[in-house]
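To keep things clear, I will list the structure first and then write my remarks on it.
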Amino acid sequence: MIAELATVLAVFAGGCALLRALGLSGWALPPLGFLAGACLLLDVGFLQLVTGAPTTPVLTLAAIVVLPLAWCVLRWRRGHDLRIPVPATITTVVLLAVAVPVLRAANLVKWNMDSLDYLKAGRLLAEGGYRSTASTDLVVERVLGVPLLHAAANLSGDFYLRSITPLLFIALLAAMVWLLRAGIRAAGGRTPAARWSNALIALAMLLLLTNDRVVYNAFYLNAHLLVAALFVLIGAGGWLLAVWEEAPRPALMALQLIAVPALVISRPEGALLAVLLALPTVLSRRIDRRHRMVLLATLGGSVALFAGFQAWLFHDRGTAIPVSVAGPALLGVLALAAVPLLRLGFVHRHADHLLWAAEALLWLVLLAYTVRGPGVLYRSARATYINQIRGTGAWGLFVVLLCVLLLVAMLLLRIPYQAHLRFPLTTFVPLVLVLAYVREGAYRVGDADSLNRMIMHVVPLAVVYLLLLLTTGRLPARGEAADPPAGSDAAEDTSVLSGPTVRTAQK
């Protein structure tokens, strides 16, 4: 239990120190700090592995605590007001110290055969044998997110941490509440529904807490909940940066920068997901260009670095490098090469076209695959229908109702700079259908189906988007564009996305 408690406290302390050094304060600091600490754990562990440094979790935990705390102290000595509310801090630490043994004793962990591969990879990382003995299948299909998250359990002879995923779930829910409350104020929530925003937020959290699959993922040895949290940090964080003039900008920017590499290494398709989430921020004129350039460089660098490591592993094992590795490597290089293009006026003037072109490209790729092999799409659609409509996927009608409500709200209502929230959700549909062809197998009936599990990735962000539409959205004016993206000329000219509709939230 000592190793697990030390890991949880290190994640919490390191993430909170980083965000506090960047000016974040208030009750948002603990949940966002815990999520930030988890990102740091993955990022540092990733760098240890690809650089050939020892991958023992002791060094990882030490780095994510010492480096942020040292920076925090340095900024304090330079005159920054970084006072920490002692009673609240002590209370949170005590709650964590109680939660860890309680969750360990409850032992509600859920697993499947994939989980065993994650735990095997975690053991290899903890013992320093990943580079020499990990199989190519392990590094491509199970990647690094979950293994790094649980590697520290091996310090006490365990294979996994029983409390880390449930605590991530609690932190995600609290972060969603903060993002919603801040976003409703920032977007000028003056509609009648905004008066009921607290009740709607409470109802949404209750529905999440009572859904079988959502709760299942809170105890599941897999990456789905982690990816869902990263979706919220990157997508909703970018939207707040665009809409909220008085946002804690350095903290939100840092969350995006550390969440992107964590997402890249947490799923086989992590590079594509990171691109779809980061693109609205990268193209937004509402956000500082330096941050957008650094974000794109971080995205390209992490994708290229991880794909390069995978390619090295294939070469070391005497195996040909597959397209699933060469493709992301090329994508990372292209993203790095595109960083200087953000200085061009053409990119800013045509940001809306670039976003729509990216989405259209995904649908065209899906169309091409469908023409070549329509059976895969048919079987995938049929399996998804059975899983979601007939209840075989164990979601009940939750996903169906969420999609219907969100679709109706998207058609009727507009919020400022909504492309940050909409784009990752609508592009997720063609992406997962294309993945069915790439993995050479249609999705299937059952709660263990890949798509049925991947739906968890987008549920929290979809809930955030829906609630923002219901509480702050308004009917579009006649002739107004349906969805002007965050950084387009339309975003500057239409009333939906122009300055007068954007109010700053109270600190």
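The values are calculated or read from the model by the stated rules, or taken from the named source; none is laboratory data. Fair warning: this is a prediction, and the values are worked out from it, not measured in the lab. FYI the Cβ positions are ideal-geometry reconstructions off the backbone, even for glycines, and counts take in every protein chain you see. What goes into the accessible areas is simple: the full protein's heavy atoms, side chains included, and nothing from ligands, DNA or RNA. Shrake-Rupley method; radii C 1.70, N 1.55, O 1.52, S 1.80 Å.
Within segment 108-131, is there a residue that is touching a residue at least 24 places away in the same chain (Cβ under 8 Å), within 22 Å of residue 274 (Cβ to Cβ) and small (Gly, Ala, Ser)?
Yes, segment 108-131 contains a residue that is touching a residue at least 24 places away in the same chain (Cβ under 8 Å), within 22 Å of residue 274 (Cβ to Cβ) and small (Gly, Ala, Ser).
Out of (1) of a type outside the set (Phe, Trp, Tyr); (2) open to solvent by 10 Å² or more (accessible area, probe 1.4 Å); (3) in contact (Cβ under 8 Å) with a residue 40 or more places away in the chain, the odd one out for residue 161 is which?
Going through the list (1) of a type outside the set (Phe, Trp, Tyr); (2) open to solvent by 10 Å² or more (accessible area, probe 1.4 Å); (3) in contact (Cβ under 8 Å) with a residue 40 or more places away in the chain, residue 161 breaks only (2).
Quick check on my filter: what residues within segment 22-47 are more than 22 Å from the chain's Cα centre (by Cα) and over 24 Å from residue 73 (Cβ atoms)?
The answer is none; no residue qualifies.
Across segment 405-457, which residue is least open to solvent (accessible area, probe 1.4 Å) among those that are among the polar types (S, T, N, Q) and under 17 Å from residue 387 (Cβ atoms)?
Filtering segment 405-457 for residues that are among the polar types (S, T, N, Q) and under 17 Å from residue 387 (Cβ atoms), the one least open to solvent (accessible area, probe 1.4 Å) comes out as 452.
Taking the stated definitions as given, is residue 82 under 21 Å from residue 166 (Cα atoms), open to solvent by less than 80 Å² (accessible area, probe 1.4 Å) and among the hydrophobic types (A, V, I, L, M, F, W, C)?
no
Residue-by-condition table, conditions (1) under 30 Å from residue 133 (Cβ atoms); (2) modelled with pLDDT of 95 or more; (3) among the hydrophobic types (A, V, I, L, M, F, W, C):
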residue: 285; (1), (2), (3): no, no, no
residue: 294; (1), (2), (3): no, yes, yes
residue: 297; (1), (2), (3): no, yes, yes
residue: 329; (1), (2), (3): yes, yes, yes
residue: 345; (1), (2), (3): no, no, no
residue: 353; (1), (2), (3): no, no, no
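Residue 357 - would you say it is of a type outside the set (Lys, Arg), over 18 Å from residue 450 (Cα atoms) and open to solvent by 30 Å² or more (accessible area, probe 1.4 Å)?
In short, yes.
Might you let me know whether segment 400-409 holds any residue that is of a type outside the set (Gly, Ala, Ser) and more than 30 Å from residue 474 (Cα to Cα)?
Scanning segment 400-409, I find no residue that is of a type outside the set (Gly, Ala, Ser) and more than 30 Å from residue 474 (Cα to Cα), so the answer is no.
Given the conditions (1) over 27 Å from residue 17 (Cβ atoms); (2) more than 19 Å from the chain's Cα centre (by Cα), and given that residue 143 satisfies all but one, which numbered condition is not satisfied?
Unmet condition: (2).
Name every residue in segment 192-220 that is closer than 21 Å to residue 163 by Cβ, open to solvent by 30 Å² or more (accessible area, probe 1.4 Å) and among the aromatic types (Phe, Trp, Tyr), in order of residue number.
Passing the criteria: 216, 219.
Quick check on my filter: what residues within segment 125-175 are closer than 28 Å to residue 314 by Cα, part of a loop (DSSP other than H, G, I, E, B) and among the aliphatic types (A, V, I, L, M)?
134, 143, 144 - these are the residues of segment 125-175 that are closer than 28 Å to residue 314 by Cα, part of a loop (DSSP other than H, G, I, E, B) and among the aliphatic types (A, V, I, L, M).
Got a number for residues in segment 48-79 being open to solvent by 40 Å² or more (accessible area, probe 1.4 Å), closer than 24 Å to residue 24 by Cβ, assigned to a helix (DSSP H, G or I) and not charged (D, E, K, R)?
Final tally of qualifying residues: 9.
Only one of these conditions is not met by residue 83: (1) under 30 Å from residue 309 (Cα atoms); (2) part of a loop (DSSP other than H, G, I, E, B). Which number is it?
Failing condition for residue 83: (1).
Going by the structure shown, is residue 326 touching a Phe, Trp or Tyr at 6+ places or on another chain (Cβ under 8 Å), open to solvent by 30 Å² or more (accessible area, probe 1.4 Å) and either under 24 Å from residue 439 (Cβ atoms) or of a type in the set (Gly, Ala, Ser) (or both)?
no
Among residues belonging to segment 235-252 that are touching a helix residue (DSSP H, G or I) at 6+ places or on another chain (Cβ under 6 Å) and either outside any helix (DSSP H, G or I) or without any contact (Cβ under 8 Å) to a residue 60 or more places away in the chain (or both), point out the one that is nearest to residue 18 (Cα to Cα).
Among residues in segment 235-252 that are touching a helix residue (DSSP H, G or I) at 6+ places or on another chain (Cβ under 6 Å) and either outside any helix (DSSP H, G or I) or without any contact (Cβ under 8 Å) to a residue 60 or more places away in the chain (or both), the one nearest to residue 18 (Cα to Cα) is 252.
Could you give every pair whose Cβ atoms fall below 7 Å, whose first residue belongs to segment 75-94 and is closer than 16 Å to residue 250 by Cβ, and whose second residue is surrounded by 10 or more Cβ atoms within 10 Å (Cβ to Cβ) and at pLDDT below 85, counting only separations of at least 6 or pairs across chains?
75/82; 76/82
Residue 229 is checked against (1) closer than 26 Å to residue 279 by Cβ; (2) modelled with pLDDT under 95 and fails just one. What number does that condition carry?
Residue 229 satisfies all of (1) closer than 26 Å to residue 279 by Cβ; (2) modelled with pLDDT under 95 except (2).
Please pick out the residue among 267, 285 that is assigned to a loop (DSSP other than H, G, I, E, B), closer than 30 Å to residue 118 by Cα and of a type in the set (D, E, K, R).
267
Taking residue 97 and the conditions (1) of a type in the set (A, V, I, L, M, F, W, C); (2) in contact with a helix residue (DSSP H, G or I) (Cβ under 8 Å, 6 or more places away or on another chain); (3) over 17 Å from residue 168 (Cα atoms); (4) assigned to a helix (DSSP H, G or I), which numbered condition does it fall short on, given that it satisfies the others?
Checking residue 97 against (1) of a type in the set (A, V, I, L, M, F, W, C); (2) in contact with a helix residue (DSSP H, G or I) (Cβ under 8 Å, 6 or more places away or on another chain); (3) over 17 Å from residue 168 (Cα atoms); (4) assigned to a helix (DSSP H, G or I), the one that fails is (3).
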